[in-house]
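Colleague: One structure, pasted below without further comment.
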Amino acid sequence: MTTLETTPQKSDRGQVILEAQHLRKWFPVTKGLLISRVTGHIKAVDDISFELRAGETLGVVGESGCGKSTTAKMMLMLEDPTEGAILFEGQDVHNSTTAARKSYRSSVQAVFQDPWSSLNPRMRVKDIIAEPMVINWNITRAEQQERVMKLLNDVGLNEYHSNLFPHEFSGGQRQRLAIARALALNPRVIVLDEPVSALDVSIRAQIMNLLKDLQAEYNVAYMLIAHDLATVRYMCTWIAVMYLGQVVELSPVQELFTNPSHPYTKALMSAALPSHPDMEQEEIILQGEVPSPLNPPSGCYFHPRCPAAMDRCSVDTPEVKEIAPGHTLTCHLF
Amino acid sequence: MATTETRINTETVLTVDNLRTHFTTRWGTVKAVDGISFDLRRGETLGIVGESGCGKSVTMLSLMRLIPIPPGRIVSGSIVLDGEDIVQISEQEMAQIRGSKIALIIQDPMTSLNPVFSIGDQVEEAITIHQREIPKRSVMEKALEVLRKVNIPAAETRAKDYPHQMSGGMRQRVVGAIGISCQPQVLIADEPTTSLDVTIQAQYLKLLKDIQKDSDLSIIFITHDFGIVAKMCDRVAVMYAGRIVEHGSVRDIFNNPSHPYTEALLSSVPKMDRDVDRLFSIEGQPPPLHDLPVGCAFADRCPVVMDKCHEQYPDSMDVSDGHIASCWRLE
C-alpha cells in the first residue's frame, strides 16, 4: 500500500465514485402532543466530508452514538441529509431526476451486521439473490438464474444451495448470501455495516478474505463501518475516526497506524485489545462516557474527556488541518 | 489429564476433574462438555477460549450448577471448590455457595438486571441472602460501598436509579458489583464486555483487574476474543467441540501454539500492530456435538491431519512445563 505517496497525484488511484460534502443530519426533538414545538436537535452527523474511490475501502470507526450508522443510512438514501450533498460520479443525487436516484440506489448496496435478520426466511436463496434484478433489470428469468448461479459461485457456495431457505445455512454462509445479493446489480459502492462482528472468530477470516477478493474482482468501493481497529487495519485503505457526529481524524490506513495524532484516536488505539500479551500499549483510559449529542459540549466536542485538553479547547471549535498528505484532523494541538 | 505441577506457593481454589455434561435431545446425546480438567489458583485469571458451540458456556453453567435438568446432566467428574465437591451436594447447599463463594457476570447487563427494582435494591438482595450476619440497617451502607468499589459516581443517588436509567457500561458495573458483593473466591465472567464500546471496555477490564488485585479474586474469563485473553489472563484453556485441546500459560499459547486449532485461530485474527497480507482462514464448520467423529473432532478441518487422527482421540501431551495439548503431532 503506497497511499501516502500517491495521494498528491490522484491519477494513480481509482476514480472518485462518491463524495460526501459537509453532510449534516439533525433529528428534531419535539415537546408537546397537540401543539408540538421543536426544543432541540440531536446532531447525529454534524458536517462530515469524505470521498470514496473505486477499489478502495473507507473504514469508519467510532463508538456507538458517534453517527457512523446515520452516515451509512445517508449513503444508502435511507435518510435525507439536513444539509450538505452526496455527489455520485460528480452529480448531486438529491437534486436530480427520479431515474438518476433509482440508478443511484442500485449502484450503492449494503451488507448488514446480522445475517439472521437481513434475509427473508420465507424466500428461497435463488429468489433472494434474484430480487434486485427482478426489480431493476429487464431480463428474463433464465438470465436471472444464470447470474444467481454465477454469484453463488463467486461467494463460495454452489448451485445446489439455490433451492434452500436461509435457515438451512450457518452464519458465515448467510453472510455470503447477503454479499451475493449486494453484488447482484454490479454496484459501484457497497456499504458494509459491521459485516463480521456477528460471526465466529474462525469464520470472520473467511468472510474478510472473500470481501477482499471480490473487491479485486469487481473493483467496487467499500465503506466499512466497524468498531474493531484490527479489522479496519486489515480491510481498509482509508480510515475516518468519528466522535459525536464529526470526523476527528481522516487518514490513509498506514499513516494512521504509524502516526495516530488526534487524542481520541490515540485513546481508541490504547483501548483496543492487544494482539499479544507482550504488546506495548500506551495506557490511556478515557474518563466518563460519550456526551449526549442533544447537547454537545462547547468548543471541541472531545474536550471534557480529552487528556490533553487546553483552555481554548472548551471555547474554540478546531478547524480541519492537514498534517501529512491526506492526513487531516480537527484538534488545537496541531 | 496431567495438569500443571508448578504450583509451589499457590493455593488452588477450584479443581475441575474430568467433567462431562451431556444433554439428551431427539437427535441423540449432545456431549457439550466431554471430559475437561483444569485448576484455578488464588488470584489468577484463567481464560476459556473457543467458538460458539465449543462448550464454554456449558462449562460455566456446570460450574454454577445451573444446567437445566432435564435435558442436561453432569454425567461424571468433580468440581472441587474450596475443598468441597459441588457436583455431589444438594441443591439447597449449592444455593448457599452460588453467589457467595462462586459468582457469575453474564454477557448482557440488560437481561441480568431486574427492570422493576432499583439497582440499590438488587445489590442489597445479594448481600441479605448470603451475609445474614450483617444487620439490616447496615446492608444499605455495604451496598453503597460495593457500588463505590466499581466506580459508580455519586453512588448514594445512583442507587435509587433503575437499570434503564443507566448506560450499558454502568449497568455492567452494577452486575459486577452484585458479583463481588459477597467476596467470592471465584468470579466467572462470561463475555462481560462484548456489548460495550471499546473505551468503556477498557475501563471495565481495568476495573476488574484492580478489584482482583485488592481482593485476591480468581477469575475465569469465558471469551472468544484472543485480545481479551492477551490483556487479562495468566493461563488459557482452548476448547473445541466440548474438550480442552490446549492448555498453558498465556505466553506459551501465544508464542508456541501447539495444537493446530489454536495456531489456526491465532493466525486468523487481524492484528492491530502490524500489516497482514492475507489472513489464514479455517475452512469448514465445527462438527455437530451430537454426532462427533471417533477420532479428533478437528481432524476434518485440520491442515496437518494424519490417518491416526480419524481413528483415536489424542491424549493430552506435555509440550513444556505446564503446557499441554491434545494432538497426535506432538507424539
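Each reported figure results from applying straightforward, stated rules to the coordinates on display, with no laboratory input. Values in this document were obtained by computation on a predicted structure and should not be read as measured data. Glycine also receives a Cβ, built like all others from the backbone with ideal geometry; neighbour counts cover every protein chain displayed.
Colleague: If you scale each eigenvalue of the Cα gyration tensor by 5 and take the root, what three semi-axes come out for region B:66-130, rounded to whole angstrom and sorted largest first? Write out the running numbers ahead of the final one.
Modeller: Numbers: eigenvalues 138, 50, 21 Å².
Each semi-axis is the square root of five times an eigenvalue, giving 26, 16, 10 Å.
Colleague: What is the distance, in nm, between label points placed 7 Å from the Cα along the Cα-to-Cβ direction at B:Ser52 and at B:Ser215?
Modeller: Result: 3.2 nm between the two label points.
Colleague: Each residue of region A:239-248 in turn: what ³J(HN,Hα) in whole Hz from Karplus with 6.51, -1.76, 1.60 and θ = phi - 60°, glycine and Pro shown as x?
Modeller: 10, 10, 9, 10, 9, 6, x, 10, 8, 8
Colleague: Now for a different question. Give a quick list of GluC sites (Glu not before Pro) in region A:225-285 that DSSP marks as loop, anything other than H, G, I, E or B, with at most 12 other Cβ atoms within 10 Å. Could the numbers behind the result be given before it?
Modeller: Details: sites: A:Glu249, A:Glu255, A:Glu280, A:Glu282, A:Glu283; in loops: A:Glu280, A:Glu282, A:Glu283.
Sites meeting the loop and neighbour criteria: A:Glu280, A:Glu282, A:Glu283.
Colleague: What trypsin sites (Lys or Arg not before Pro) does region B:202-286 have in DSSP loop regions with at most 15 other beta carbons within 10 Å?
Modeller: Values: sites: B:Lys206, B:Lys209, B:Lys213, B:Lys231, B:Arg235, B:Arg243, B:Arg251, B:Lys271, B:Arg274, B:Arg278; in loops: B:Lys271, B:Arg274, B:Arg278.
Here the trypsin sites (Lys or Arg not before Pro) that fit, given the DSSP loop and packing criteria, are B:Arg274, B:Arg278.
Colleague: Over all directions, the average projected area of the alpha-carbon convex hull for the protein assembly as shown comes to how many nm²?
Modeller: Mean orientational projected area (the protein assembly as shown, Cα hull): 34.0 nm².
Colleague: Same structure, new question: Give the order of A:Thr265, A:Thr82 when sorted by the count of other beta carbons within 10 angstrom, beginning with the fewest. Display every interim value, and only then the final one.
Modeller: Details: A:Thr265 23, A:Thr82 17.
Listing A:Thr265, A:Thr82 from fewest to most nearby Cβ atoms yields A:Thr82, A:Thr265.
Colleague: Right, next: Based on the Cα coordinates of region B:5-102, what is the per residue volume of their convex hull in Å³? Can you show the working numbers first?
Modeller: Details: hull volume 10.6 nm³, N = 98.
Hull volume normalised by residue count: 108 Å³.
Colleague: Let me ask something additional. Just in region B:1-104: which chymotrypsin sites (Phe, Trp or Tyr not before Pro) are loop by DSSP and have at most 15 other Cβ atoms within 10 Å?
Modeller: On the way: sites: B:Phe23, B:Trp27, B:Phe38; in loops: B:Trp27.
Loop-located and lightly packed - B:Trp27.
Colleague: Counting only other chains, what is the mean number of Cβ atoms within 10 angstrom of the Cβ of each residue in peptide B:279-287?
Modeller: Numbers: counts 7, 3, 10, 6, 3, 4, 7, 3, 0.
What the average comes to for B:279-287 is 5.
Colleague: Of B:Asn255, B:Asn114, B:Asn151, which has the largest mean-square fluctuation in a 10 Å C-alpha GNM of chain B?
Modeller: Of the options given, B:Asn255 has the highest mean-square fluctuation.
Colleague: Turning to a different aspect of this structure: With each pseudo-label sitting 7 Å past Cα toward Cβ, what's the B:Val276-A:Ala216 distance in nm, one decimal?
Modeller: Computed distance between label sites B:Val276 and A:Ala216 equals 1.7 nm.
Colleague: If you don't mind, there's one more thing I want to ask. For chain B, find the longest principal axis of its Cα atoms and tell me its angle to the long axis of helix B:119-130, 0 to 90°, nearest 10.
Modeller: 80
Colleague: Then there is this: Could I have the simple spin-label model distance between A:Ala308 and A:Phe27, label points 7 Å from Cα toward Cβ, reported in nm to one decimal?
Modeller: Computed distance between label sites A:Ala308 and A:Phe27 equals 3.3 nm.
Colleague: Once phi is turned into ³J(HN,Hα) by the Karplus curve 6.51 cos²θ - 1.76 cosθ + 1.60 with θ = phi - 60°, what whole-Hz value does each residue of region B:325-331 show in order, with x for glycine and proline?
Modeller: 8, 9, 8, 5, 4, 8, 4
Colleague: Over the Cα atoms of region B:113-188, Rg to Rh with Kirkwood Rh, two decimal places? Numbers along the way, then the final one.
Modeller: Values: Rg = 11.5 Å, Rh = 12.3 Å.
Checking Rg against Rh, the ratio lands at 0.94.
Colleague: Please order B:Arg26, A:Arg141 by the number of other Cβ within 10 Å, starting at the fewest. Spell out each step's value before the answer.
Modeller: Details: B:Arg26 6, A:Arg141 10.
Lowest count first: B:Arg26, A:Arg141.
Colleague: What does the convex hull of the Cα atoms of chain A come to per residue, in Å³, rounded to a whole number?
Modeller: On the way: hull volume 56.8 nm³, N = 334.
It is 170 Å³ per residue.
Colleague: If you line up the Cα atoms of chain B on their principal axes, what length do they span on each, largest first, in Å?
Modeller: 68, 50, 46
Colleague: Sort B:Ser37, A:Ser49, A:Ser96 so that the residue with the fewest other Cβ atoms within 10 Å of its own Cβ comes first and the one with the most comes last.
Modeller: Working: B:Ser37 20, A:Ser49 16, A:Ser96 13.
Ranked by crowding around the Cβ, least crowded first: A:Ser96, A:Ser49, B:Ser37.
Colleague: Nothing charged except the Cβ atoms of Lys and Arg (+1) and of Asp and Glu (-1): what's the magnitude of the dipole of region B:136-216 about its Cα centre? Round to the nearest 20 debye. List each step's numbers first, then the result.
Modeller: Values: 12 positive and 10 negative charges, 59 e Å.
That gives region B:136-216 a dipole magnitude of about 280 debye.
Colleague: Then there's this: From the convex hull of the Cα coordinates of region B:205-331, what is the mean projected area in square nanometres? List each step's numbers first, then the result.
Modeller: Numbers: hull surface 37.4 nm².
In nm², the orientation-averaged hull projection of region B:205-331 is 9.3.
Colleague: Across the residues of B:219-230, average count of Cβ atoms on other protein chains within 10 Å? Could you put the intermediate results ahead of the total?
Modeller: On the way: counts 0, 0, 0, 0, 1, 3, 3, 6, 8, 2, 3, 7.
Taking all residues of B:219-230 together, the mean is 3.
Colleague: Could you tally up the Lys pairs in region A:1-145 with alpha carbons closer than 30 Å? Skip any pair fewer than 8 positions apart unless they're on separate chains.
Modeller: 18
Colleague: Still on this structure, please answer the following. Taking the highest mean first, how do the peptides A:29-42, B:135-148 order by number of other beta carbon atoms within 10 angstrom per residue? Don't skip to the answer; put the middle values down first.
Modeller: Values: A:29-42: 10.2, B:135-148: 15.4.
Ranked from most to least packed, the peptides come out as B:135-148, A:29-42.
Colleague: Whose amide H sits under 5 Å from the amide H of A:Ile17, counting only residues 5 or more places off or on another chain, with H placed in the peptide plane?
Modeller: A:Leu52, A:Arg53, A:Ala54
Colleague: What's the Cα-based Rg to Rh of region B:271-331, Rh via Kirkwood?
Modeller: Numbers: Rg = 14.7 Å, Rh = 13.7 Å.
Taking Rh as the inverse mean 1/r over Cα pairs, Rg/Rh reads 1.07.
Colleague: If I fit a long axis through the Cα atoms of helix A:201-218 and take the longest principal axis of the Cα atoms of chain A, what angle between them do I get, 0 to 90°, rounded to 10?
Modeller: The angle comes out at about 80 degrees.
Colleague: Here is a follow-up. Going by amide H atoms built from the backbone, whose H comes under 5 Å of the H on A:Leu224, apart from near neighbours?
Modeller: Under 5 Å from the amide H of A:Leu224: A:Leu58, A:Gly59, A:Val60, A:Leu192.
Colleague: Please say if region B:257-296 is rounded, prolate or oblate, where rounded means a/c under 1.5 for a ≥ b ≥ c the square roots of the C-alpha gyration tensor eigenvalues, and otherwise the choice is prolate for a/b larger than b/c and oblate otherwise? Working shown, then result.
Modeller: Details: a/c = 3.65, a/b = 2.44, b/c = 1.49.
Verdict is prolate for region B:257-296.
Colleague: At 10 °C and 1.306 mPa s, grab the translational diffusion coefficient of region A:104-169 from Stokes-Einstein with a Kirkwood Rh over Cα pairs, rounded to a whole number in µm² per second.
Modeller: 125
Colleague: Can you give the translational diffusion coefficient of region A:162-216 in µm²/s, computed by Stokes-Einstein from the Kirkwood radius over Cα pairs at 4 °C and 1.567 mPa s?
Modeller: On the way: Rh = 12.0 Å.
Estimated via Stokes-Einstein, D reaches 108 µm²/s.
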